Structure formats: structure tokens, C-alpha cells
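K.L.:
Please find one structure pasted underneath; my questions will follow.
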Amino acid sequence: MNLLVDEGAHPRALLALEDGTHFFGRSAGAEGETFGEIVFNTSMVGYQEIVSDPSYAGQLVTLTYPQVGNYGINERDMQADELHLAGLVVHDLCYTPSNWQSVLSLPEFLSSRGVVAIEDVDTRALTLAIREGGAMRAALSTTDLDPESLVARVRASAPISQHNYVADVSCARSHVVGARTASNASERPLRVVAYDCGEKSGIVRRLAAAGCEVTVVPWDTPAADVLASAPDGVFFSNGPGDPQSVPAVVEAVRACLGKVPVFGICLGNQVISLAAGAHIEKLPYGHHGGNEPVMNLLTGKVEITAQNHNYGPVFSTFGPLVPELSDDVSEHPRDLRFWSQRRMAPVVMNKRYGRVRLTHVNLNDGTPEGIQFLDVPAFSLQYHPEAKPGPNDSAYAFAAFARLMRGEQDYLAIDVREGRRF
């Protein structure tokens, strides 16, 4: 318990889950109440980037690391101007941060932005409850402290899939971010149009650092307008919620595939998969954290990755395996770690776009983490190569996109040691 906190200044708070599980604690942010889907994040640092990530819209975020906020809030690490998460759950929050960049404590920051938060929660028990029950609806309140009442209200609340959170977090108008560098001084910047579905600022900075002039556009921008500008490539960003709630973005992907190089991250990977006719599944409790091991099947190298998603594509639904391009395997294995053991990147035949290759696999649960279209210029990743927070193992993805736009072969077969820092 934080002994420097005035107990009387922080009222009791209640966290309730739809399965009836509940936890009492103390308010650590704005007072009031909030409803959403509860998830846990296993990162040990980077709480500022986490709470400012637009992908958490509609979600109550539990941080599994027990002590949070010791280095405060700075002016550089924001991933969006506004906070969109539904609420924050921690075990022990620091009210007296110590860091030369700090301008505000985390609880002061949350309170000033209207984010309801709770501390003094047994986050180990809560994480186990989420692992057993899956990502559930939940509520956090400083006004309704009756567990029976709050649980009933949670059960009556709408699931996250019924709302288009992308529309809430996307930019209102387009804007341009200039290129920071180019791989060759004689080369002009690559012109990229980025669909903002909840794009983290770290992604735009990585694209700019890879030599791209980025025009960021709202999520519902017609693809005809984008293609009329003759970009070198189109990027589809991360974002919150169920990808099936944004059919307009899926249609934009279909309009772009085969006409211009395409790259997608997280939600971008999901809408690209939907455009190809693949199915999307909701994972039991998702991947949230900066320590997920992923193998690049093209190089055999393992990347420690930053992730934040509850949904993901089902690789077998892209199409049947092409045995001659898949180590003579004709039936889809149930666990995609089968391919990591063989150091093999299998290929399927997709009805719409021809050959599609599995490029990355999660080594924790065998789910797909990346795909590459072989007959149209496109690829996508389920995890966050820009990190923010997290390791930089996957930063090469932005260099890979630049290589794709320049027409280079084997653009994705980059060693993880390349491009870690721009």
C-alpha cells in the first residue's frame, strides 16, 4: 500500500465483472463510473503509452506489474492527444514520481483526463479470473458500491462488438507528417496514405523515419479519393474493437489490394484478412503486453513483440494449403507452431488474391501474427512493430514496407537486428 497517500482523499471504488467476481479498492483517478471490456496487460513499463493507446477504447485495462507510476508522465510518450481507455486497474499506484522528464503523476493525469481508475486490487487474482473467464464485460465505480447492483448493471451493458469505436478515435480531418529521412539522399520520400483507425503516434513516426511522407486520413475516407492521389503505398492502422464493426475499412482494403502496395498493423491486419475472405476469431483473453515471442518464419529469428488485440485471423480460412510451397503438407495443422518447428512459411491459395503466405507465428499460443500476399504487393502484422512501449525487435517492418513500395524482392526477409532504431 502507498503510505504517502491520504486515505480520506481517495474514496472507495468497486470493480465488478459479469461473472460476479468483484474487487473493492480505492479511487486512483477521476470519480464516477465506467463500463467496458476488461483485459490485462503484462508490460513492466510503458504505462503512459498504454493508457494513451487509442486501441484500448472501450476497455478497462489491468496492469499486471504491481507498482505503477514511479516515473510519472512526460510530454514525449503520448500515443494520442486524448485518452480513450474506459478505465485503469492497478495494485499500487505511485503519487510521488521521480524522473527528470516527469511533469505530472499518473493519478493526477488520469483525474485531469476524466479516467476512472482503481488501486489496491489483487491484480494477480483478477488476471487469473480473466484468464479463466476470458475478456468479460466489467464496470468500475466510485458511486455504486453494491456488488450485486453493479454486477447486474454490467450484465445489462452492451458488449464491445456492438459499437464502432474506430469512429470515436480516428482523426477528424487529414493531415501530413513529413519524412524524416530517406535511405538514399537522391531518393524522393515515399508518399503513403495512412488510414487512421486509432493510429498510435509512434507508428506515424516510424513510417516517417523510414523515408515516408505520410498523409493520415480518417477511417471512412473513400478509397477512390486515396487512389486518386496516386500514393506509393497505403497503410491501415491499429485500432479498437471488433474489426467486423468497420465494413467500410474492409471495402477500402479491397479497393486498394492489387492497385498499390498495402501494409497493415493489428486492426489493419484483421481488415486485410477480412478483405481476403478469411474469418476473424475473438481470442480468449487476447494479447496485451510487451513480451510476446513471435517467430519470423522467413528468417527463423524470434522477435519479442509488443501486442494489443483481442481479435485475430484464422489462417486456415484464407484457403487450402499449396503442398508444393508448404513442405508437402496438404492439411492445415491445428497449432501453427507446427510451422515454426519446421522453419517453414506455408502458402495457401486464396480465392480472391492468389497465394498468401504465413510469415509470423506466436510461440505462446500458435496464433498467426503475419501474412504476406505473393501475387499482389501487400503484407500485414498482428503485433506492433513500432513498440511504444515494448522491445524494438520488429522495427524492420517499416523498412520492409519501404522496400515493398520500391519493388524490392524478399522485402520481409530482414534480420531482426536491422532497423531496430531509426
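K.L.:
Kindly evaluate Val193 against the criterion of being touching a Cys at 6+ places or on another chain (Cβ under 6 Å) and over 19 Å from Ser27 (Cβ atoms). Let's see the steps before the verdict.
P.N.:
Details: touching a Cys at 6+ places or on another chain (Cβ under 6 Å): no; over 19 Å from Ser27 (Cβ atoms): yes.
So Val193 does not fit the description; no.
K.L.:
If you check Val294, Val314, Val322, which single one turns out to be closer than 22 Å to Pro240 by Cβ, out of contact with any helix residue (DSSP H, G or I) (no Cβ under 9 Å at 6 or more places or on another chain) and not basic (Lys, Arg)?
P.N.:
Working: Val314 fails: out of contact with any helix residue (DSSP H, G or I) (no Cβ under 9 Å at 6 or more places or on another chain); Val322 fails: closer than 22 Å to Pro240 by Cβ.
Only one candidate qualifies: Val294.
K.L.:
When you go through (1) out of contact with any Asp or Glu (no Cβ under 8 Å at 6 or more places or on another chain); (2) aliphatic (A, V, I, L, M); (3) farther than 21 Å from Lys200 by Cβ one by one for Val260, which number turns out not to apply?
P.N.:
Condition not satisfied by Val260: (1).
K.L.:
Going by the conditions given, is Asp53 within 14 Å of Met136 (Cα to Cα) and not hydrophobic (A, V, I, L, M, F, W, C)? Explain how you work it out, then say what you get.
P.N.:
Details: within 14 Å of Met136 (Cα to Cα): no; not hydrophobic (A, V, I, L, M, F, W, C): yes.
No, not satisfied.
K.L.:
So, one more: Would you please name the residue that is surrounded by the most Cβ atoms within 10 Å (Cβ to Cβ), looking only at residues in the stretch 27-65 that are under 18 Å from Thr305 (Cβ atoms) and in contact with a Gly (Cβ under 7 Å, 6 or more places away or on another chain)?
P.N.:
Among residues in the stretch 27-65 that are under 18 Å from Thr305 (Cβ atoms) and in contact with a Gly (Cβ under 7 Å, 6 or more places away or on another chain), the one surrounded by the most Cβ atoms within 10 Å (Cβ to Cβ) is Ser55.
K.L.:
Check Arg155, Arg206 and return the single one that is basic (Lys, Arg), under 29 Å from Gly286 (Cα atoms) and crowded, with 22+ Cβ neighbours inside 10 Å.
P.N.:
Working: Arg155 fails: crowded, with 22+ Cβ neighbours inside 10 Å.
One residue alone meets the criteria, Arg206.
K.L.:
Mind checking which residues of the stretch 173-188 are modelled with pLDDT under 95 and of a type outside the set (Val, Ile, Thr)?
P.N.:
Gly178, Ala179, Arg180, Ala182, Ser183, Asn184, Ala185, Ser186, Glu187, Arg188
K.L.:
Search the stretch 154-166 for residues being in contact with an Asp or Glu (Cβ under 7 Å, 6 or more places away or on another chain) and not polar (S, T, N, Q), and hand back the single one that is nearest to His309 (Cα to Cα).
P.N.:
Kept after step one, since they are in contact with an Asp or Glu (Cβ under 7 Å, 6 or more places away or on another chain), are these residues of the stretch 154-166: 154-155, 160-161.
Then keep just the ones that are not polar (S, T, N, Q); that gives 154-155, 160.
Working: Val154: 22, Arg155: 23, Ile160: 13 Å.
Residue satisfying both the conditions and the ranking: Ile160.
K.L.:
Could you pull out the residue among Arg355, Arg343 that is on the phi < 0 side of the Ramachandran plot and among the charged types (D, E, K, R)?
P.N.:
Values: Arg343 fails: on the phi < 0 side of the Ramachandran plot.
Residue meeting the stated conditions: Arg355.
K.L.:
Can you report the number of residues in the stretch 393-418 which are out of contact with any Ser or Thr (no Cβ under 9 Å at 6 or more places or on another chain) and modelled with pLDDT under 90?
P.N.:
Result for the stretch 393-418: 4.
K.L.:
Moving on to the next point. When you scan the stretch 53-97, how many residues do you find that are touching a residue at least 40 places away in the same chain (Cβ under 8 Å), closer than 25 Å to Arg12 by Cα and either among the polar types (S, T, N, Q) or in a loop (DSSP other than H, G, I, E, B) (or both)?
P.N.:
Number of matching residues: 11.
K.L.:
Select from the stretch 105-144 the residues that are in a helix (DSSP H, G or I) and among the aliphatic types (A, V, I, L, M) and write down the one among them that is surrounded by the fewest Cβ atoms within 10 Å (Cβ to Cβ). Spell out how you get there, then give the answer.
P.N.:
Residues of the stretch 105-144 that are in a helix (DSSP H, G or I), as a first pass: 106-112, 123-133.
Among the residues that remain, those that are also among the aliphatic types (A, V, I, L, M) are: 106, 110, 125-126, 128-130.
Values: Leu106: 26, Leu110: 25, Ala125: 10, Leu126: 21, Leu128: 13, Ala129: 19, Ile130: 22.
Taking the candidates together, the pick is Ala125.
K.L.:
Follow-up question, since we're still on this one. Among the residues of the stretch 320-339, is any within 21 Å of Val262 (Cα to Cα), in contact (Cβ under 8 Å) with a residue 12 or more places away in the chain and surrounded by fewer than 23 Cβ atoms within 10 Å (Cβ to Cβ)?
P.N.:
no
K.L.:
Would it be correct to say that Glu199 is within 24 Å of the chain's Cα centre (by Cα), assigned to a loop (DSSP other than H, G, I, E, B) and either closer than 27 Å to Pro389 by Cβ or not β-branched (Val, Ile, Thr) (or both)?
P.N.:
On the way: within 24 Å of the chain's Cα centre (by Cα): yes; assigned to a loop (DSSP other than H, G, I, E, B): yes; either closer than 27 Å to Pro389 by Cβ or not β-branched (Val, Ile, Thr) (or both): yes.
Considered against the rule, which asks whether it is within 24 Å of the chain's Cα centre (by Cα), assigned to a loop (DSSP other than H, G, I, E, B) and either closer than 27 Å to Pro389 by Cβ or not β-branched (Val, Ile, Thr) (or both), Glu199 comes out as yes.
K.L.:
Exactly one condition in (1) under 20 Å from Ala400 (Cα atoms); (2) of a type in the set (Gly, Ala, Ser); (3) more than 26 Å from the chain's Cα centre (by Cα) is not met by Ala378; state its number.
P.N.:
(3)
K.L.:
Which of the residues that make up the stretch 19-35 are out of contact with any helix residue (DSSP H, G or I) (no Cβ under 6 Å at 6 or more places or on another chain) and polar (S, T, N, Q)? Break it down stepwise before answering.
P.N.:
We begin by selecting, within the stretch 19-35, every residue out of contact with any helix residue (DSSP H, G or I) (no Cβ under 6 Å at 6 or more places or on another chain); these are 23-27, 31-35.
Listed by number, the residues that qualify are Ser27, Thr34.
The values are calculated or read from the model by the stated rules, or taken from the named source; none is laboratory data. No experiment lies behind these values; they were computed from the predicted model shown. Backbone-built Cβ (ideal geometry, glycine too); neighbour counts: all protein chains shown.
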